[in-house]
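One structure is given below, encoded as structure tokens.
Any read-out appearing in this document is the output of simple, stated calculations on the displayed coordinates, not a laboratory observation. Worth saying up front: this structure is predicted, and the values here are computed from it rather than measured. Please note: Cβ atoms are built from the backbone with ideal geometry, for glycine as well, and neighbour counts cover all protein chains shown.
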Amino acid sequence: MKISLNWIRDYIKADIDPVDLARQMTMHIVEVEDVITTGIPPSVVIGEIIESKSHPNSDQLQVAQVKISADKILQIVYGGVAVKAGDKVPVATAGTCLPAVNLTVGERSLRGVASQGMICAQDELGIGKDHSRVMVLEKGEVGQRVAEALSIPGDTVLEIENKSIPHRPDLMGHVGMAREIGAIMGTPAVIPAPAPLDDAKLPDLKVSVPAQDAVPRYDAVMLEVNVGSSPDWLRARLASLGIPAINNVVDITNYVMFDSGEPLHAFDADKIKLPITVRLAQAGEKITTIDSKERELKATHLVIADTDRPIAIAGIMGGKASEVTSETKRVVLEAAVFYGPGVWKTSREIGLTTDASIRFSKKALDPNIVDYALPKAVEMLKELAGAKIISNRYSHYPRPVQHWTVDLDFNRARKFIGAEIVDEEIRKILRNLGLEVGEGSAITIPTYRTDLTGPEDLYEEIARTYGYDRIPKKLPVGELRPATENVELHWERVAREALTTAGQSEVYTYSFNDRKTIEQLGLPLQDHLKVMNALSPENEYMRASLIPNLLGVVRLNEANFNKFGIFELGHVYYEGEDKKTIEERMLCGMLIMPGEDLFKHAKGDFEYLAMRLGIPRKSLKYRPLETGNATFHPGQAALVEAFGEAIGYVGRIHPQVLRSLGIKNEVGFFDINFEKLSVAATVIKGFVHISEYPSVARDLTLTMDEKVSNEDVEWAMQEAGGDLIKQLDLIDIYRDVAKVGEGKKAMTYRIIYQSHAKTLTDAEVEKVHSRVIEAAGRVAKG
Amino acid sequence: MLEKLKQIESAARAEIEKAGDENALETVRLAYLGRKGKLPLLLRGMKDLSDEEKRAVGPAGNKLRQDLESLVAAKSREFLSRKYQDLARREKIDVTEPGIPPEYGELHIITQTRYEIEEIFKSMGYEITSTPEVDSEYYCFTSLNFPADHPARSDWDTFKLENGMIPRVHTSTAQNRVMKTRKPPIRAINPGRCFRNERTDARHEHTFYQVEGFYVDEGVSIANLAATMSEVLYQVFKKKIEHRLRPGYFPFVEPGFELDIKCQICGGKGCPVCKYTSWVELWPCGMIHPNVLKEAGVDPEKYSGFAFGLGLDRLVMMRYKINDIRLFHRGDLRFLKQF
């Protein structure tokens, strides 16, 4: 939103430095994003055409000799309609910066002819829309500044970040902004009240408002008008806000909107069939708006209608058919307050945001604003468009809003702010903001401050006007109580640190999946929560597994690295019983190591992680994969159990999945439910005594069927050897049809025997080892 | 006997002197000093001598053993030093050749920064809480004083799931939950992933990270909030950072603020990141709205509090001068391995 300083100066009689004001406003009211100087630059001067000829190399261009002072004639190439000798035109001399078209004029050659400046059209000077011809000036002397000749003063415009003041509809006009600026400068703004509408006996204007709830106020009056162009000062005001001048009637409604914050609309009274009805649209009803676009309405959209059809979309834009034109003789001038969220929703649904809709979409506009805006517009129409009121004023205002009071405890305010602001200063601040402050604690709130309803709202007014930067900083004082440790987060840290130590890098991927990847991975689509309003197909489903997105990361990185490990500890989401949303933390890792045993590395990483989490190795079991899993390698993946409960999978991703996703390498993975894993974790691991007695190693090779699991053999040996087995490792697997037979494997184990109590004798070792051999042999036979 | 000692001594000295390498030296050592060596054998014969002779021979024998041992040791050291004397030439390398790095992994830069932030708040007695990423409309909006028809509730800025749940738009969802289950004084931060339904480009991302924080007690003031924010900035940037609180608006705070810092990219001279204003909006904060306290069962007449929503992505981007927010979720190890 743009604020014109000239406009503010109408209401505040004080010196205002634009840059300082911008800083003050940012610190006390709302962020000023930019300070822009507008108006016609002083280096644009009046030139007189001495001669104008066609350009030798172009049909569209002309070459003119232009006199810009008694002794200076410039040659300038220009386009559009040719001007004749003796015409006076605006000349932008070389070096002029024209902000309206973002152009710096230079001396250059145009199609082989030198041009020493620019003859400007209206749009290039920012004072109109016309680009078809250069401007021919009616008044002024050669060499005079154009700004001066046209009485168009320069202005400074502040660009406001109005998204951060949704609660302040009063700041959406210059009047409200002037009040605020006056308060922070300590020079209260003076806003002259417009003359009230005459109370003559005139015919009634017929209006009905069936959509009561959506229309807190609707006022209208009919006037006779002489449509013409607006005076220069009014055009300049609108131009500085970037609003093109149309005609005096439309310009006045716009002016009053930017002045008061209340959007107005004028209908051509001879193009509508009275009475006016403010109602909800019929579904499918159509209207062509002033921007010449046909729009289809829904039954929730509020419209202004005549007897036949909608003539405006309430609070957004009027209809083309009843637009005020140069032919217009009579207008219906409307000033209304519509229910904000309704306007906002309609504006989003039909895809049309206007200066009016922005103002209505703010938090509840004060309906009493109509009593300023409507008379102000009528006053200006009388003055600038020879208007005459020809109907009684219609007013729908069923629940008039009265001012209210808020009780302010001055001591509490000081305590809440944390600064010693004396009573007198507090009173002064509130008074400058336009609040009524007596001797007591009751503060009277004017109705335009819809945001001030409780004492904390007043604390804010006091603090921000006083200045946040003036409040002395003071750290809170309290009990030195240590915070409760968050156990869940503790295990996350341990796990992340373990995996990075193991050489894996942490990645973050989106919480969303697209349908195609889910299907390529063979995951059931119906398990995924669907996003209703995703902007792109990639965000259509919530992820129910980390695997799809991590495979995407693998694909990205395999182009740059030939060996790497990644992991993510993140949330997955799915629908549980009774449509309840289940959210769980998963820990998924992926490995690429060409030429290495991926299953063993993935499992090894997981085992290391489990060790770091204090999960005893003996509590972990690995089961061969059930059939029918399409994501994992059918022969080289396992279901992991901790303390008898399934917690996830480890192994390799199915090569078919990898190829379908365009991944060249084989991928090892583990995918573990972190909620379950951390349940198995232990805070303080027990200490294992280190024996001082010598140990004895024995190797044992057993030939067994492929289907015998190593785990079963190891368990049997552990059980038979008991505490005397210090360590048990599978050190070699040998497969050779000729030597060990078809479907067989020779497994070599190294068993280390050691006692905590004494040196084991040969006989003792033999005794336990033979028990181990026997137990292992039994299992190996199947 | 003494005579024999002298003979052993001169023979041993000569042979040690003659030994050409470590093996020869060891042979000599064993021949004279080993368990069955000449000297021990001779000394074992002392038991047949008279007491007077023993007193003369004993010390002389022991001295001879020590002398020979140190002679052998000196000779051995000489061999060792000779063995490595031209090491500098034989094993010379180019010390500017690259080292072999260990296999290392890194925590994501946002995790690293989050942990750092957590430590700062832990040291001030803040508890760390965690709440769901997909939450109900009640925790996302209703409990935070969003009016029933507030635009944020609509599905334009907010992802909506078919079952009515919402990928949270802020970590402020924690406020109600945490306050309801604790009694003041309450000091907590709640870090986590948030979502906003917008198209992505170098500056916009639909997935981002916040650390919600709040402090509720008797007499908590704006001055307390300002001091805490200053302290956190100092701890994060490890130096004094020029900053300011200016008005901002959020339904769940009153008053609300934007915390700005001097642009760390250009040092306040003006650049595209700070849009030539020299200031960068870092995170919003404010005094918790009495309706939010009330909804969470905290008496606003007795207690007040402040809250802030620290933006982790923005902070990391400022600290490391990262110019594309999408890098955080791309998983590109060329980016992640830099931290």
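Roughly how tilted is helix A:340-350, in degrees to the nearest 10 and between 0 and 90, from the longest Cα axis of chain A?
Once rounded, the angle reads 80 degrees.
Let me make sure I get this right: for the stretch B:123-221, a, b and c are the square roots of the gyration tensor eigenvalues over alpha carbons, sorted descending. Under 1.5 in a/c it's rounded, otherwise prolate if a/b > b/c, else oblate. Which is it? Walk me through the numbers on the way to the answer.
Details: a/c = 2.21, a/b = 1.60, b/c = 1.38.
Prolate.
In nm, what is the difference between 0.36 nm times the number of residues separating residue A:71 and residue A:270 and their Cα-Cα distance?
Working: separation 199, 0.36 × 199 = 71.64 nm, distance 5.66 nm.
Result: 66.0 nm gained on full extension.
Please work out the C-alpha center-to-center distance from the stretch B:264-304 to the stretch A:481-539 and express it in whole Å.
Rounded to whole Å, the Cα centres lie 29 Å apart.
Starting at the first residue of the stretch A:643-653, write each ³J(HN,Hα) from the Karplus equation 6.51 cos²θ - 1.76 cosθ + 1.60 with θ = phi - 60°, in whole Hz, x for Gly and Pro.
6, x, 10, 5, 10, x, 10, 9, x, 10, 6
In the structure shown, do any of A:676/A:726; A:563/B:337; B:6/B:54 have a Cα-Cα gap over 21 Å, and if so which?
Numbers: A:676/A:726 30 Å; A:563/B:337 14 Å; B:6/B:54 16 Å.
Violating the 21 Å Cα-Cα cut-off are A:676/A:726.
Let me know the mean shielding of B:124-130 by other chains, meaning the per-residue number of their Cβ atoms within 10 Å of its Cβ. Before the final figure, lay out each step's value.
On the way: counts 4, 7, 1, 6, 7, 5, 5.
Neighbouring Cβ atoms belonging to other protein chains average 5 per residue here.
In chain B, once you exclude exposed GluC sites (Glu not before Pro) (DSSP loop, at most 15 other Cβ within 10 angstrom), what's the longest stretch remaining?
Working: sites that count: B:91, B:103, B:162, B:198, B:218, B:242, B:301.
Maximal segment without exposed cleavage sites: B:1-90.
Using Cα atoms only, what is the angle between the long axis of helix A:455-466 and the major principal axis of chain A, expressed in degrees (0 to 90) to the nearest 10?
Result, in degrees: 70.
I'd like the distance between the alpha-carbon centres of the stretch A:176-230 and the stretch A:580-641, rounded to an integer number of Å.
Computed from Cα coordinates, the inter-centre distance equals 72 Å.
Cα-based count: Lys pairs in the stretch B:202-318 below 19 Å, eight or more positions apart or different chains?
Close lysine pairs found across the stretch B:202-318: 7.
Enumerate by residue number the trypsin sites (Lys or Arg not before Pro) in the stretch A:169-219 meeting two conditions: DSSP loop (anything except H, G, I, E, B), and at most 15 other Cβ atoms within 10 Å of the site's Cβ.
Details: sites: A:179, A:201, A:206, A:217; in loops: A:201, A:206.
Of the trypsin sites (Lys or Arg not before Pro), the ones in loops of the stretch A:169-219 whose Cβ has at most 15 other Cβ atoms within 10 Å are A:201, A:206.
Among the Cys residues of chain B, which have no other cysteine Cβ under 4.7 angstrom away?
Here B:140, B:194, B:285 come out as lacking a disulfide-compatible partner, given the Cβ-Cβ threshold of under 4.7 Å.
Which cross-chain or sequence-distant (5 or more) residues have an amide H under 5 Å from the amide H of residue B:209, H modelled 1.01 Å from N in plane?
Excluding prolines and chain starts, which carry no amide H, the hits are B:194, B:312, B:313.
Between residue A:311 and residues 5 or more places away or on another chain, which pairs have amide H atoms under 5 Å apart, with H built 1.01 Å from N, and which residues are they?
So residue A:311 has HN proximity to A:304, A:305, A:306.
When the Kirkwood radius is taken over all Cα pairs of the stretch B:13-126, what Stokes-Einstein diffusion coefficient follows at 25 °C and 0.890 mPa s, in µm²/s?
Values: Rh = 20.5 Å.
In µm²/s, the coefficient is 119.
Which value at 222 nm does chain A reach when only helices count, each DSSP H run of 4 or more adding -39,500 (n - 2.57), with the total divided by all residues and rounded to the nearest 500 deg cm²/dmol?
Values: 22 runs with 221 residues, N = 782.
So the helix-based figure for chain A works out to -8500 deg cm²/dmol.
In whole Å, how far is the Cα centre of the stretch A:745-782 from that of the stretch A:302-325?
The two parts, judged by their Cα centres, are 96 Å apart.
Compute the FRET efficiency between residue B:35 and residue B:100 as 1/(1 + (r/R0)^6), taking r as their Cβ-Cβ distance and R0 = 60 Å, and round to the nearest 0.05. The partial results should precede the final answer.
Working: r = 48 Å, r/R0 = 0.80.
So the FRET efficiency works out to roughly 0.80.
Classify the protein assembly as shown as rounded, prolate or oblate from the Cα gyration tensor: take a ≥ b ≥ c as the square roots of its eigenvalues, call it rounded if a/c is under 1.5, otherwise prolate when a/b beats b/c and oblate if not. Write out the running numbers ahead of the final one.
Numbers: a/c = 2.48, a/b = 2.22, b/c = 1.12.
It comes out prolate by the Cα gyration axes.
Any idea what angle helix A:487-501 forms with the longest principal axis of chain A, computed on alpha-carbon atoms, 0 to 90 degrees, nearest 10?
70 degrees
Please give the net charge around residue B:241, taking every other residue with its beta carbon less than 12 angstrom from that of residue B:241, where Lys and Arg add +1 and Asp and Glu add -1. Please list the in-between numbers first.
Working: positive: B:238, B:239, B:240, B:244, B:262, B:319; negative: B:231, B:242, B:260.
Net local charge, residue B:241 excluded: +3.
What GluC sites (Glu not before Pro) does the stretch A:712-752 have in DSSP loop regions with at most 12 other beta carbons within 10 Å?
On the way: sites: A:714, A:719, A:742; in loops: A:742.
For GluC sites (Glu not before Pro) across the stretch A:712-752 that sit outside H, G, I, E and B with at most 12 neighbouring Cβ atoms in 10 Å, the list reads A:742.
Convert each backbone phi in the stretch B:69-81 into a coupling constant with the Karplus relation 6.51 cos²θ - 1.76 cosθ + 1.60 (shift: θ = phi - 60°), then list the ³J(HN,Hα) values in order as whole Hz, x for Gly and Pro.
The phi angles translate into 4, 6, 5, 4, 4, 5, 4, 4, 4, 5, 4, 4, 6 Hz.
Just check the stretch A:662-773 against the gyration tensor rule for me: Cα atoms, a ≥ b ≥ c as the square roots of the eigenvalues, rounded for a/c under 1.5, and otherwise prolate or oblate depending on whether a/b exceeds b/c. Please list the in-between numbers first.
Details: a/c = 2.60, a/b = 1.15, b/c = 2.26.
Oblate, because a/c is 1.5 or more while a/b does not exceed b/c.
Could you pull out the pairs from A:201/A:273; A:618/B:180; A:621/A:781 whose alpha carbons sit more than 30 Å apart here?
Working: A:201/A:273 23 Å; A:618/B:180 41 Å; A:621/A:781 21 Å.
Beyond 30 Å: A:618/B:180.
Go through the stretch A:748-780 and name the GluC sites (Glu not before Pro) that are in a DSSP coil and have 15 or fewer other Cβ atoms within 10 Å of their Cβ. Mind dumping the intermediate values first?
Numbers: sites: A:764, A:766, A:774; in loops: none.
Those that pass, being in a loop and sparsely packed, number zero.
So if R0 is 60 Å, what FRET efficiency would residue A:145 and residue A:405 give, r being the distance between their Cβ atoms, rounded to the nearest 0.05?
Details: r = 54 Å, r/R0 = 0.90.
Step by step, r from the Cβ atoms, then E = 0.65.
Scan around residue A:749 for amide H atoms under 5 Å from its own, H built in the peptide plane at 1.01 Å from N, and keep only partners 5 or more places away or cross-chain.
Answer set, sorted by chain and number: A:700, A:701, A:702, A:731.
Cβ under 14 Å from residue B:176's Cβ, residue B:176 left aside: what net charge do those residues give with Lys, Arg +1 and Asp, Glu -1?
Details: positive: B:168, B:177, B:180, B:182, B:294; negative: B:135, B:137, B:212, B:295.
Summing Lys and Arg as +1 and Asp and Glu as -1 gives +1.
Tabulate in residue order the Karplus-calculated ³J(HN,Hα) for the stretch A:701-708, using 6.51 cos²θ - 1.76 cosθ + 1.60 with θ = phi - 60°, rounded to whole Hz; enter x for Gly and Pro.
10, 10, 9, 9, 5, 4, 7, 6
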